[in-house]
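Before any comments, here is the structure.
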Amino acid sequence: MALITLRKNLYRLSDFRMHRALAALKNQPLNHVHKVVKERLCPWLCSRQPEPFRVRFHHAHCKKFHSKNGNDLHPLGGPVFFQVSDCDRLEQNVKNEESQMFYKRLSNLTSSEEVLSFISTMETLPDTMAAGALQRICEVEKKDGDQGLPKEILENSIFQALCFQFEKDPSQLSNTSLVTALQALILLHVDPQSSLLLNLVAECQNRLKKGGMEVCNLCILGESLIRLHSSGCVTLELIINQLQGEKLETFTPEDIVALYRILQACTEKVDEHQTFLNKINNFSLSVVSNLSPKLISQMLTALVVLDQSQAFPLITKLGKYVVRHVPHFTNEELRRVLEAFIYFGHHDTFFTKALEHRVAATCLTLDPEVVCRVMEYCSRELILSKPILNAVAETFVCQTEKFSPSQISALMEPFGKLNYLPPNASALFRKLENVLFTHFNYFPPKTLLKLLHSCSLNECHPVNFMAKIFNPFFLQRLQGKKSHLDRLSRAQLTQLFLASVLECPFYEGPKLLSKYQVKSFLTPCFSLETPVDSQLYRYVKIGLTNLLGARLYFAPKVLTPYCYTIDVEIKLDEEGFVLPSTVNEDIHKRIALCIDDPKRFCSNSKHLLGKEAIKQRHLQLLGYQVVQIPYHEIGMLKSRRELVEYLQRKLFSQNTVH
């Protein structure tokens with residue numbers, strides 16, 4: 001971050017150069033001078049102050065100027081709505097033709113040097129134009145990233161003189177010029193302890209206490225103080241209180257978003273502001289259609305920070321308009337949108353389709369964090385999007401080095417959770433294996449366990465690393481300073497160990513110690529098993545009772561010795577007779593019914609989740625006859641008779657019912 005140290009003693013112009021400059025001006029007809037000045041003016045910023053504060057240049061070639069209060073230019077009317085890189089709001093109600101030309105010319109300049117060179121040719125420069133010049137410098141510098149000003153600009157005497165005039169007598173500035181200059185200087189990383197910023201902030205606070213600042217200027221001031229990390233919540237509370245007294249109908253969309261961001265900075269008082277927030281949430285429904293991609297992402301972020309889950313209509317409407325902006329979001333904006341959707345649990349088909357097009361077209365250029373948020377969105381909402389998963393897999397194979405260990409885990413886990421292998425699966429897991437071989441110790445223990453466990457869900461077993469994770473040294477690292485290992489980690493370890501026994505018979509490494517094993521995979525978060533849906537079970541129970549003749553011939557929710565819980569278990573003897581569920585002898589076959597409701601499938605699909613696929617796979621390897629009863633088949637049955645016939649076909653297609 002570059003810090004600006006201002007020079008208070010500017011270079012003095014020699015009397016000879018001053019007289020020569022004045023003589024040059026005197027030799028020009030007045031209308032010619034007016035024409036030259038007129039050609040150099042354009043709309044960028046306007047002021048509501050009746051007597052503009054001016055900066056006067058002695059000559060076009062003289063890089064020194066001073067302030068002058070005068071009435072030789074008509075005051076500019078109309079409010080200013082300043083936002084960085086938002087010229088339209090800055091040009092509202094600008095009536096002065098010379099100012100319009102100045103701002104138009106200024107907006108076409110593409111470097112700080114051009115801006116400073118341009119204003120050095122001005123004879124007079126009102127405060128609004130001076131603030132506009134600072135704003136333009138801020139805009140062109142921000143195009144290259146969030147960095148401070150280069151040294152040559154800091155040492156430029158015109159820039160120093162421009163800043164000096166704002167520092168010298170800020171009480172003469174209009175409200176608009178004051179807050180605009182403050183915001184631009186903060187964005188340019190001016191030293192917060194410099195007398196320039198201290199004076200501007202002090203003047204803003206004085207005017208705030210007096211009241212009467214316009215809505216737009218209050219919003220700009222609030223956001224500026226947040227960036228400056230100045231004054232804490234005390235000044236922001238004063239701004240919020242004044243904004244509460246204004247009619248929301250007078251706020252522009254930009255002001256509404258700024259208001260959210262100001263409230264976002266005072267999260268500890270969100271309960272006190274909830275009534276005001278409810279009012280803003282309801283009003284915001286009317287401005288959503290006018291929000292830019294940047295403003296939509298900022299509003300969604302604020303709603304997350306303020307925990308406005310109850311603003312469901314607003315979130316839904318924002319989601320609708322997000323779809324059209326997906327191709328235009330920057331990486332950072334897209335990341336924020338995805339984080340908000342993940343937080344609120346919002347998803348729809350149209351957004352997913354738009355995201356698929358964006359990711360498929362630009363995945364190689366997306367930031368690693370954005371790629372991880374895309375995968376987290378698909379994982380949280382159980383969205384099996386093959387275009388997204390395929391594009392991400394290709395990106396990882398081509399650009400493995402740009403992902404950190406935690407990002408690699410976040411990127412790979414959804415493949416296991418969604419039970420999907422991309423076309424380049426062999427290359428994908430070969431790359432992952434190479435990374436683990438070279439950077440194994442760089443992965444946090446829990447992150448590594450989740451990653452390896454997710455691989456086993458879709459039969460890509462981490463055989464080469466099982467010995468390491470079952471090693472007591474790794475388990476101690478996994479446990480950390482706690483007295484015991486958490487239940488989820490023990491469940492993941494147990495399922496990995498079970499996979500090594502059932503699916504990797506060639507594995508001969510160390511076993512998992514019994515003290516790290518669980519007896520049931522049903523965890524509070526249901527990460528390894530999903531409990532049976534009670535309503536669907538009751539419906540199937542009616543059919544089973546009719547089919548088998550009595551309730552005693554099947555048992556619900558049976559915990560096996562292998563940690564899995566079977567939805568319904570039916571026992572058969574050697575001749576195919578159904579045995580009472582309480583009998584534990586002469587059992588020839590066990591039937592495991594998997595009554596699968598929508599929660600066990602990927603969203604809007606018939607594709608089983610990874611945790612359900614591995615469960616059914618393991619039960620089969622353990623000798624169970626696994627019978628899947630999916631909800632979409634049950635839903636097609638129209639009568640009890642059809643249900644009984646359906647269950648008979650499913651259960652006893654190869655057996656005789658007795």
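The values are calculated or read from the model by the stated rules, or taken from the named source; none is laboratory data. Owing to the predicted nature of the structure, the values given are computational and were not obtained by experimental measurement. Quick reminder, even Gly has a Cβ in these numbers, built from the backbone with ideal geometry, and neighbours come from all protein chains shown. Ligands, DNA and RNA are excluded from the accessible area calculation, which covers all protein heavy atoms including side chains. Shrake-Rupley method; radii C 1.70, N 1.55, O 1.52, S 1.80 Å.
About its Cα centre, how strong a charge dipole does the stretch 461-518 have in debye, to the nearest 20, once Lys and Arg get +1 and Asp and Glu get -1 at the Cβ? Can you show the working numbers first?
On the way: 8 positive and 3 negative charges, 76 e Å.
Here the stretch 461-518 has a charge dipole of around 360 debye.
Quote the FRET efficiency, to the nearest 0.05, computed for Q625 versus F350 with a Förster distance R0 of 35 Å and r equal to the Cβ-Cβ distance. Don't skip to the end; give the middle numbers.
Working: r = 42 Å, r/R0 = 1.21.
E between Q625 and F350, to the nearest 0.05, is 0.25.
Could you name the lysines in cross-link range of K431, using Cα to Cα under 17 Å and dropping any fewer than eight places away on the same chain?
Qualifying lysines at Cα under 17 Å: K402.
Stretched out fully, how many nm does the piece from K638 to K209 gain, at 0.36 nm a residue minus the Cα gap? Before the final figure, lay out the partial values.
Working: separation 429, 0.36 × 429 = 154.44 nm, distance 7.21 nm.
In short, 147.2 nm is gained.
Placing unit charges on C-beta atoms (Lys and Arg positive, Asp and Glu negative, everything else neutral), compute the dipole magnitude of the stretch 352-473 about its Cα centre in debye, rounded to 20. If you can, show how the numbers build up before the last one.
On the way: 12 positive and 10 negative charges, 25 e Å.
So the dipole magnitude of the stretch 352-473 works out to roughly 120 debye.
How would H357, H588, H229, H347 line up by accessible area, probe 1.4 Å, largest first? List each step's numbers first, then the result.
Values: H357 140, H588 115, H229 165, H347 70 Å².
The ordering from most to least exposed comes out as H229, H357, H588, H347.
How big is the equivalent ellipsoid of the stretch 287-426 along its three axes, where each semi-axis is √(5λ) from the Cα gyration tensor, reported in whole Å from largest to smallest? Walk me through the intermediate numbers first.
Values: eigenvalues 137, 43, 37 Å².
Listed largest to smallest, the semi-axes of the stretch 287-426 are 26, 15, 14 Å.
Given the stretch 461-518, report the % of alpha carbon pairs whose separation exceeds 13 Å.
Values: 947 of 1653 pairs.
Cα-Cα pairs of the stretch 461-518 separated by over 13 Å account for 57 percent.
Which value in Å does the Kirkwood hydrodynamic radius of the stretch 107-246 take, with 1/r averaged over all unlike C-alpha pairs and then inverted?
Every distinct Cα pair counted, the radius reaches 15.5 Å.
Considering the dipole of the stretch 461-518 built from charges on the beta carbon (Lys and Arg +1, Asp and Glu -1) around the Cα centre, which of Y507, N464, Q492 is farthest to its positive end?
In the stretch 461-518, that residue is Q492.
Could you tell me the distance between the Cα centroids of the stretch 308-359 and the stretch 369-415, to the nearest Å?
Value for the Cα centre distance between the two parts: 18 Å.
Let me see the pair-distance distribution of the stretch 197-307: every alpha carbon pair, 5 Å bin width, integer percents in order.
2, 12, 25, 25, 21, 10, 5, 1
Identify, among N217, A265, V234, the residue whose Cα sits farthest towards the positive end of the charge dipole of the stretch 210-268, taking +1 on the Cβ of Lys and Arg and -1 on the Cβ of Asp and Glu, with the dipole about the Cα centre.
V234
Round to the nearest 0.05 the FRET efficiency obtained for K168 and Q244 when R0 = 35 Å and r is the Cβ-Cβ distance.
On the way: r = 35 Å, r/R0 = 0.99.
Efficiency computed from Cβ-Cβ geometry: 0.50.
How are the alpha carbon pair distances in the stretch 433-586 distributed across 5 Å bins from zero to the largest one, expressed in percent?
Calculated over all Cα pairs of the stretch 433-586, the distribution is 1, 8, 15, 16, 15, 11, 10, 9, 7, 5, 2, 0, 0 percent.
If r is the Cβ-Cβ distance from F283 to L228 and R0 is 35 Å, what FRET efficiency results, to the nearest 0.05?
Working: r = 28 Å, r/R0 = 0.80.
The pair F283/L228 has a calculated efficiency of 0.80.
Could you tally the net charge around N546, taking each other residue with its Cβ under 11 Å from the Cβ of N546, Lys/Arg +1 and Asp/Glu -1? Intermediate results must be reported in sequence, preceding the final value.
Working: positive: K541, R551, R640, R641; negative: E645.
Neighbourhood net charge equals +3.
Using a 1.4 Å probe on the protein heavy atoms only, what accessible surface does D127 show? Give it in Å² to the nearest 10.
Accessible area of D127: about 0 Å².
When we measure straight from the Cα of K317, which lysines land under 23 angstrom away, once same-chain ones fewer than 8 places off are left out?
Reachable lysines: K247, K279, K294, K353.
Please give the length that would be gained between T438 and F312 if that part of the chain were fully extended, namely 0.36 nm times their separation in residues minus their C-alpha to C-alpha distance (nm, one decimal). Provide the component values of the computation, followed by the final result.
Values: separation 126, 0.36 × 126 = 45.36 nm, distance 4.65 nm.
Separation in residues times 0.36 nm, less the Cα-Cα distance, equals 40.7 nm.
How fast does the stretch 524-653 diffuse by Stokes-Einstein, in µm²/s, taking the Kirkwood radius from C-alpha pairs at 20 °C and 1.002 mPa s? Don't jump to the answer; show the numbers that get you there.
On the way: Rh = 15.2 Å.
Value of D from the Cα-based Kirkwood radius: 141 µm²/s.
Find the percent of Cα-Cα distances in the stretch 524-567 that exceed 12 Å, and round it to a whole number. Kindly include the intermediate steps, with their values, before the conclusion.
Values: 626 of 946 pairs.
The share of Cα pairs beyond 12 Å in the stretch 524-567 comes to 66 percent.
Could you check the spin-label model distance between C398 and R324? Points 7 Å from the Cα along Cα→Cβ, value in nm.
Distance between label points: 3.1 nm.
So how far apart, in nm, are the two label points at V558 and K481 if each is 7 Å from Cα heading toward Cβ?
For the pair V558/K481, the computed spacing is 4.7 nm.
Protein chains only, probe 1.4 Å: how do S120, S534, S195 rank by accessible area, largest first?
Values: S120 10, S534 70, S195 35 Å².
I get S534, S195, S120, largest accessible area first.
Sum up the lysine pairs in the stretch 107-246 that clear both bars: alpha-carbon distance under 29 Å and a spacing of 8 or more or different chains. Display every interim value, and only then the final one.
On the way: K142/K151; K142/K168; K143/K151; K151/K168; K168/K209; K168/K210.
The result is 6.
Farthest toward the dipole's positive end in the stretch 542-630, which of N604, V568, L622, given Cβ charges of +1 (Lys, Arg) and -1 (Asp, Glu) about the Cα centre?
N604
Points 7 angstrom from Cα along the Cβ direction at R538 and A467: gap in nanometres?
If labels sit at R538 and A467, their model points lie 5.4 nm apart.
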